[in-house]
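Working notes for the structure below.
The values are calculated or read from the model by the stated rules, or taken from the named source; none is laboratory data. These figures come from a predicted structure and were not determined experimentally. FYI the Cβ positions are ideal-geometry reconstructions off the backbone, even for glycines, and counts take in every protein chain you see. For accessibility, only protein heavy atoms count, side chains too; no ligands or nucleic acids. Shrake-Rupley method; radii C 1.70, N 1.55, O 1.52, S 1.80 Å.
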Amino acid sequence: MRTQANERRENDMISIDSDHLDHKALNDRLRGIKAPIQLTNCCGQRFIAAGMAPVSLSITGVPGNALGAYLNGGKIVVHGNAQDAVGDTMNNGTIIVHGSIGDAAGYAMRGGKIYVKGNAGYRAGIHIKAYEDKSPTIIIGGTCGSFLSEYQAGGTIIVLGLTAQQNPIVSNFPCTGMHGGTMYLRGSCDAIRFPQTVEVSRADAEDIATIDERLTEFCTIFSYDKNVVMEEGFTKIVPSSSNPYKALYVTN
């Protein structure tokens, strides 16, 4: 396979130095490459791999907003931090971030997985939803900012708090408008104020079994001891109503 700078067999990794490439030029280079891609010197370029499928992309540096937006398959691995809207409206595939991420991660995603070793900003999982046979997952290894799972309509959000120096592991107003899906928070949630429209309970063995495979995958990727992660137990949060806005508007 011939590129502008290199000649490679299709089963070799293509290396692209993104230094001095703006987001449009960089994404033009990415499209049409079927081999695995190593992207180096990334510095804030937006929309990387947006709408691509399948893709095998390894990134060093800091990708800009909307990494993997509308992603429809494959895997993106970031060896560092990422900015806002990671996995915006993604449909399938996996995004792995070995650092922390900005706000609105997984906005309206309806399939695939986002695994983050570090922390997430505000509104992680906003409008996350399930679609037909797809049910997305977001796992945050550290802590989350305010409005976690805002308007969540489906899928699974898990926050582990492994980097937390103190509780709570999520900030203000979690689960605001939540009307579908499930959230799991590692440890006790006594210090967290939830809205009256959700049910909060200790996760039992059956609950843990439903997320065990994904937790195993997360711990393997980031070299965590799963036994240590599981020692704290989990709190499960689900909506108590599919229509939490009923009291806010006139009767239909």
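Results, tabulated for the structure shown:
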read-out: Charge tally in the Cβ shell below 9 Å around residue 103, where Lys, Arg are +1 and Asp, Glu are -1, residue 103 excluded; value: 0
read-out: With all protein chains modelled, accessible area of residue 31 [1.4 Å, Å²]; value: 120
read-out: Whole-percent carbon and sulfur share, accessible surface of the chain, 1.4 Å; value: 46
read-out: Degrees between helix 205-222 axis and first principal axis of the chain (Cα, 0 to 90, nearest 10); value: 30
read-out: Positive-end residue of 181, 145, 111, charge dipole of the chain with Cβ unit charges; value: 111
read-out: From phi via Karplus (6.51, -1.76, 1.60), per-residue ³J(HN,Hα) for the stretch 225-233 in Hz, x at Gly/Pro; value: 7, 4, 4, 5, 4, 7, 4, 6, x
read-out: Average projected area [Cα convex hull, the stretch 105-173], square nanometres; value: 3.9
read-out: Per-bin percent of Cα-Cα distances, the stretch 105-252 [5 Å]; value: 2, 10, 20, 24, 22, 13, 5, 2, 1, 0, 0
read-out: Rounded FRET efficiency, nearest 0.05, which uses the C-beta distance separating residue 134 from residue 167 and R0 of 45 Å; value: 0.85
read-out: Ordering of 225-235, 154-164 by packing [mean C-beta count within 10 Å, highest first]; value: 154-164, 225-235
read-out: Globularity index of the chain, i.e. its alpha-carbon radius of gyration over 2.2 N^0.38 Å; value: 1.05
read-out: Cα-centred dipole magnitude for the chain, charges only on beta-carbon of K, R (+1) and D, E (-1), debye, nearest 20; value: 500
read-out: Cα-derived Rg over Rh, computed across the stretch 43-155 with Rh taken as Kirkwood radius; value: 0.93
read-out: Fraction of the pair-distance distribution of the stretch 6-103 above 17 Å, Cα-Cα pairs, percent; value: 42
read-out: Cα gyration tensor category, rounded, prolate or oblate, for the stretch 42-99 with a/c compared to 1.5; value: prolate
read-out: Those residues of the stretch 77-117 whose amide nitrogen sits under 15 Å from the label point placed on residue 146, 7 Å along Cα→Cβ; value: 103-104
read-out: Mean Cβ neighbour count within 10 Å, used as a protection proxy, ranking 138-146, 14-22, 202-210, 173-181 highest first; value: 138-146, 173-181, 14-22, 202-210
read-out: Trypsin sites (Lys or Arg not before Pro) restricted to DSSP loop in the stretch 66-130 with at most 11 other C-beta within 10 Å; value: none
read-out: Sites residue 226 and residue 35, calculated FRET efficiency, Cβ-Cβ separation with R0 45 Å, nearest 0.05; value: 0.85
read-out: For the stretch 134-218, alpha-carbon Rg over 2.2 N^0.38 Å; value: 1.03
read-out: Solvent-free Debye scattering, log10 I(q)/I(0), computed from the Cα coordinates of the stretch 95-134 at q = 0.17, 0.18, 0.32, 0.36 Å⁻¹; value: -0.44, -0.49, -1.08, -1.18
read-out: Residue 241 paired with residue 205, simple spin-label distance in nm, labels 7 Å along Cα-to-beta-carbon; value: 3.5
read-out: For the stretch 41-85 versus the stretch 122-199, the gap between their alpha-carbon centres in whole angstrom; value: 23
